[in-house]
Amino acid sequence: MSPRTGTRSTTAARVIAVVADLMAFVIGLWILMYLLEANRGNDLVNVVQHTARRLAGWSYDLFTFDEAWARVVSGYGLAAVVYLFVGHAVAARIRH
């Protein structure tokens, strides 16, 4: 492996890890905003909510707890953890 190839794979791994971190951050931010009852009329709150909903669409309402906050934390939280785990696992695999 040439030095340039190693640099490219390290850069690609770093990009993948950062994207995974950003996705998890947005989802985590929405969980926090939901729990703190952020104003849904606010533009920033709307953007974060819609972005998190798109990112966690596959895990949204996966669990059917009676309490709404528990559904939000578990459904969105699962997506955030999966993005972090998979993103960093892929990044580590690319580095080696």
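Tell me the relative contact order for the chain as a rounded percent, counting alpha carbon contacts under 8 Å between residues six or more apart.
Details: 95 pairs, mean separation 42.1, N = 96.
Contact order relative to length: 44 percent.
Can you work out the accessible area per residue across the chain, with the rest of the protein chains kept in place, probe 1.4 Å, in square angstrom? Kindly include the intermediate steps, with their values, before the conclusion.
On the way: 6530 Å² over 96 residues.
So the chain comes to 68 Å² accessible per residue, rounded to a whole number.
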Where the accessible area of the chain is counted over protein heavy atoms with a 1.4 Å probe, how much of it, in %, is carbon and sulfur? 64
Students often get this wrong: which residues of segment 47-66 have the backbone nitrogen under 19 Å from the point 7 angstrom along Cα-to-C-beta of Leu35? 48-50, 52-53, 56, 60-66
Computed over the chain: longest principal axis from alpha-carbon atoms vs helix 3-35 long axis, angle to nearest 10 degrees, is 10
Report which label in (1) 14.0; (2) 15.1; (3) 14.5 holds the value of Kirkwood radius over Cα pairs in Å derived from the coordinates of this structure. (3)
Cβ under 11 Å from Gly75's Cβ, Gly75 left aside: what net charge do those residues give with Lys, Arg +1 and Asp, Glu -1? +1
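The values are calculated or read from the model by the stated rules, or taken from the named source; none is laboratory data. Bear in mind that the values here come from a model prediction, so they are computed numbers and not experimental data. Cβ coordinates were reconstructed from backbone atoms using ideal geometry, including for glycine residues, and neighbour counts include every protein chain displayed. Note: areas computed on protein heavy atoms with side chains; ligands, DNA, RNA excluded. Shrake-Rupley method; radii C 1.70, N 1.55, O 1.52, S 1.80 Å.
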